[in-house]
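Chemist: Supplied in C-alpha cells, the structure appears directly below.
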Amino acid sequence: MERRSRRLSANAPRARCNAGLRRGLAGTAMWRTLLPCGVLAASLVAACGSPGVAVDDADILPVELPDLSGMHEAVQGQLRDAHRALETAASSGPGELADAYGRLGMLLMAGEYHDAAEACLLNARRLAPERFRWAYYLGHVYERGGDLEEAVGAFEQAHDQRPRDFATLFWLINVNVDLGRWDAVQPLLERARALQPGSEAMRFQLGRAALAAGDHAAAVDHLEAVLRQNPAATVVHYPLGMAYRGLGDLDQARQHLDRSGERTDGGYSAGVGVSMPDSLMEELRNALRSPQRHRTLALQADAGGDREEAVRQFRLAVELEPEDADLQLSLGMALDRAGRAREAFVELEAALRLDPRSAQANYMVGTLLERAGRDAEAMARYAAAAEQAPESVEAQLRLADGYSRAARVGEALLHYRRVLEVAPDSVAGRFGEAMALVRLGRHREARDRLAAARERHPDQPAFAMALARLLAASPDAGVRNGPAAAALAEALVATVKTTAAAETMAMALAEVRQFAGAVEWQRLAIDVARDAGRSDLAQLMSANLAAYSRGEPCRTPWRDDEPEYRPGLPVEPGLLGP
C-alpha cells in the first residue's frame, strides 16, 4: 500500500484512513505479527477508561520493526527493547503507551526508518494529543520525506500548542517557503522576528523567503549576514549562490554553489546548519547509540567548531566498537584538534595496535613526537607512513623536513622531489627543494628553481626573499646579481616587516656597494631581534654588521641556524609529558 494512504492531515478524521488499512489486513496472519501480543487490545481498554481520550481499534496504526540487519547490534538491541516495551506500557494507560510509541518512533526516526517512525508518532499523538513533542517530530518526519503538506499540518499543530517556540516557527516557515505560500509566510516571519530578531536562524529564513519571492538583493543581504555571524554554516551557500545568480553575479554564485554540498529534496538541509537551540532535535540526535551515528555527530560537531563535543561523540563510538582502528584514529585526531595532545597520543598508539600499517596513524603520532622535540622517534613514524602511503604528500614532506634538520641534505632533496611528483604546486615542496640545493652548493639550480617558483606563486614572499638573498650573497659569482637582488629586496620590505626581510635588504645593498645603507638595515634587523627577546639572534647578526662596516659584502646567504635550514613544526617542550 502506498505510504501516503496511511497519512492524515492535521484536520482530517483518523478513523477513515486507518479503518481502510485495518480492513486490508483483517483475517490474515500478517495482522498478528504487526504488534506485540496483547498491545492493541490492552491499549484500547486502557484508553477507554481515560477521560478525554476516545480510542478504538481503527485509531491505532500497526507497527512492525523494519529490517534491522544492516544496523549495528547496539542499535538493533535498542529498537527491539523499545518495541517490546509497547506490550508493558499497554497495561499502564494511554499516557505511558503514548510515551512508548513515541520513544520507539524517535529511535526509528533517528535511524532514518521514516515510515515506521511515522506510524509510531501518529499513535503517540493520538493517545496523548496534548504532548507537543509528538506533533513536532511528525513534522520533521514528513519534511524529511518530502511530504510538505503533511509537515505543515504537524508543525501548525505544534505551533498552536507552543506559539512562542522558535524552532517550530523556523520549520513551519521553512516548509511554507518551499510550498510557495507567501500569505502564510509573512505573518510567520513577523512572529519569528519578534522572538529572535537578530538570530542567524531568523536571518536565514528571511533570506530564503526573499530568494523564493525573487528579491535577490535582500536575499544576499540576509544570507551574507548569516555567514558573518557563523562562517561554518555551509547550509547558507546554496541559497546565497542562487541569489547571486539572480543578480547576475556569476563569479560569486559559482563560489558559493561550489561550497554548498548536496541539496536535498526537503530543502537546504545538507552541510552544517545555522545555530538554533532545539532541545527536542538534540534529544533525537542522541537517541540512537551506534558507532556510525556517533561518528556522524562527531563530524558535524567538528565541522561546526565544537571540538569537545566531537571528542565526546568519537569516544562513544569507540566504546561501542573498540576494535575499529579507524574510529580509534578519529578519536585521536579529534583530541589533537581539541588541544589534548597527551590523550591524543595514547589513542593514536591504540589505533596503531589495531592496525600497525595505518599510514595516517603513524603520520599523526609522528607530528606529536616532532612537536615534543623527539625528532628521531618522529622520523621513524614518518618513514613508516611514507612507506605505507608513498602518495602521501604530508608524510613525504615531514620526512624531508626531518632529514633537512638532521643535515642529511641529499635524503631531504630526494623526498622534497617526491612531494613535487605528487603535488607539483606544493609551496613547501618547492621551497624545501631549493634550500636543499643551496646547502648542496648547487646555487645555479637553486636560483632557477626559486625564480620559477616566484613566478608560479607570486603571493608567496618567501620565494622572493630567498631569491634576493641568493642573488645578493651567493659565493658563486655567476649567480650573484646585485641590482636584481636590490630590486627584489626593496619591493619586499615595503610589505614584509620582519628581521629576515631587513637583513635581506642589507645583503642586497652591500652587494651593490651601498654599505652605509646596508649598515642601517642590518642595525634595524638587530634592533627588531632584540626587541623580540632574541639577543642570541642579534649577536649572530652582528658578524654581518661588522663586515658591512668594513666595506665587505656578505657571502653566506643563510647561517646554519636559520629556519630555512631547519624547517618543521614548532617544538613544545613537555607536550607529551616529562
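Chemist: What do you reckon, is GLY77 at pLDDT below 90 and surrounded by fewer than 18 Cβ atoms within 10 Å (Cβ to Cβ)?
Modeler: Numbers: at pLDDT below 90: no; surrounded by fewer than 18 Cβ atoms within 10 Å (Cβ to Cβ): yes.
The answer is no for GLY77.
Chemist: In addition: With the condition kept exactly as written, say whether any residue in the range 517-532 is over 42 Å from the mean Cα position of the chain (by Cα), at pLDDT 95 or above, in a helix (DSSP H, G or I) and polar (S, T, N, Q).
Modeler: Yes, the range 517-532 has at least one match.
Chemist: Just the residues that are crowded, with 24+ Cβ neighbours inside 10 Å, among the hydrophobic types (A, V, I, L, M, F, W, C) and closer than 14 Å to SER358 by Cα, please, taken from the range 374-400.
Modeler: ALA385, ALA386, ALA395
Chemist: Oh, and also: Here is a check on your reading of the model: is ALA82 in contact (Cβ under 8 Å) with a residue 24 or more places away in the chain and more than 35 Å from the chain's Cα centre (by Cα)?
Modeler: Working: in contact (Cβ under 8 Å) with a residue 24 or more places away in the chain: yes; more than 35 Å from the chain's Cα centre (by Cα): no.
For ALA82, the condition - in contact (Cβ under 8 Å) with a residue 24 or more places away in the chain and more than 35 Å from the chain's Cα centre (by Cα) - is not met.
Chemist: Taking the criterion of being in a loop (DSSP other than H, G, I, E, B), among the polar types (S, T, N, Q), modelled with pLDDT of 95 or more and out of contact with any Leu (no Cβ under 6 Å at 6 or more places or on another chain), would at least one residue in the range 462-485 satisfy it? Before the answer, list the steps.
Modeler: In the first step, residues of the range 462-485 are kept if they are in a loop (DSSP other than H, G, I, E, B); the result is 474-481.
Restricting the remaining residues to those that are among the polar types (S, T, N, Q) gives 474, 481.
This time we only want the ones that are modelled with pLDDT of 95 or more, so: 474, 481.
So of that shortlist, the ones also out of contact with any Leu (no Cβ under 6 Å at 6 or more places or on another chain) come out as 474.
Yes: the range 462-485 contains one or more residues that are in a loop (DSSP other than H, G, I, E, B), among the polar types (S, T, N, Q), modelled with pLDDT of 95 or more and out of contact with any Leu (no Cβ under 6 Å at 6 or more places or on another chain).
Yes or no, residue by residue, for (1) over 29 Å from the mean Cα position of the chain (by Cα); (2) crowded, with 22+ Cβ neighbours inside 10 Å:
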| residue | (1), (2) |
| --- | --- |
| ILE173 | no, yes |
| ASN176 | yes, yes |
| SER199 | no, no |
| ALA213 | yes, no |
| ASP249 | no, no |
| GLN255 | no, no |
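Chemist: Can you tell me which residues in the range 445-502 are surrounded by fewer than 23 Cβ atoms within 10 Å (Cβ to Cβ) and of a type in the set (Ser, Thr, Tyr)?
Modeler: THR495, THR498, THR499
Chemist: Select from the range 414-433 the residues that are farther than 12 Å from GLN396 by Cβ and aliphatic (A, V, I, L, M) and list them in ascending order.
Modeler: Of everything in the range 414-433, just one residue is farther than 12 Å from GLN396 by Cβ and aliphatic (A, V, I, L, M), namely VAL427.
Chemist: Being hydrophobic (A, V, I, L, M, F, W, C) and part of a loop (DSSP other than H, G, I, E, B) is the filter; apply it to the range 282-302 and report the residue that is modelled with the lowest pLDDT.
Modeler: Let us first name the residues in the range 282-302 that are hydrophobic (A, V, I, L, M, F, W, C), namely 284, 287-288, 297-299, 301.
Subset that is part of a loop (DSSP other than H, G, I, E, B): 287-288.
Working: ALA287: 90, LEU288: 87.
Per the stated criteria, the residue is LEU288.
Chemist: Starting from residues that are of a type in the set (Gly, Ala, Ser) and closer than 23 Å to SER92 by Cα, keep the ones in the range 117-140 and report whichever is surrounded by the fewest Cβ atoms within 10 Å (Cβ to Cβ).
Modeler: Of the range 117-140, the ones of a type in the set (Gly, Ala, Ser) are 117, 119, 124, 128, 135, 139.
Within this subset, residues satisfying the condition of being closer than 23 Å to SER92 by Cα are 117, 119, 124, 128, 135.
Numbers: ALA117: 27, ALA119: 23, ALA124: 27, ALA128: 21, ALA135: 24.
Step by step, filter the range 117-140, then rank; the result is ALA128.
Chemist: Here's something else I'd like to know. Any residue at all in the range 338-354 that's of a type in the set (Asp, Glu), more than 22 Å from the chain's Cα centre (by Cα) and surrounded by fewer than 18 Cβ atoms within 10 Å (Cβ to Cβ)? Give the steps one after another, and end with the answer.
Modeler: Filtering the range 338-354 down to residues of a type in the set (Asp, Glu) leaves 343, 347, 349.
Now drop any that are not more than 22 Å from the chain's Cα centre (by Cα), which leaves 349.
Next, only the ones that are surrounded by fewer than 18 Cβ atoms within 10 Å (Cβ to Cβ) stay: 349.
Checked the range 338-354: at least one residue is of a type in the set (Asp, Glu), more than 22 Å from the chain's Cα centre (by Cα) and surrounded by fewer than 18 Cβ atoms within 10 Å (Cβ to Cβ).
Chemist: Can you name every residue in the range 257-281 that is modelled with pLDDT of 90 or more and within 18 Å of ALA110 (Cβ to Cβ)?
Modeler: Hits for the range 257-281 are ASP278, SER279, LEU280, MET281.
Chemist: Right, something else. State whether one or more residues within the range 177-184 are more than 25 Å from HIS237 (Cα to Cα), in contact with a Ser or Thr (Cβ under 9 Å, 6 or more places away or on another chain) and in a helix (DSSP H, G or I). Reasoning before the result, please.
Modeler: At the first step, the residues of the range 177-184 found to be more than 25 Å from HIS237 (Cα to Cα) are 183-184.
Adding the requirement that they be in contact with a Ser or Thr (Cβ under 9 Å, 6 or more places away or on another chain) leaves none.
No.
Chemist: Take the conditions surrounded by fewer than 19 Cβ atoms within 10 Å (Cβ to Cβ) and either free of Cβ contacts under 8 Å to residues at least 60 places away in the same chain or hydroxyl-bearing (Ser, Thr, Tyr) (or both) and apply them to VAL528. Does it pass?
Modeler: no
The values are calculated or read from the model by the stated rules, or taken from the named source; none is laboratory data. Predicted model only: the values in this text are computed from it and were never measured. When we count neighbours, we look across all protein chains shown, and the Cβ atoms used for this are built from the backbone with ideal geometry, even at glycine.
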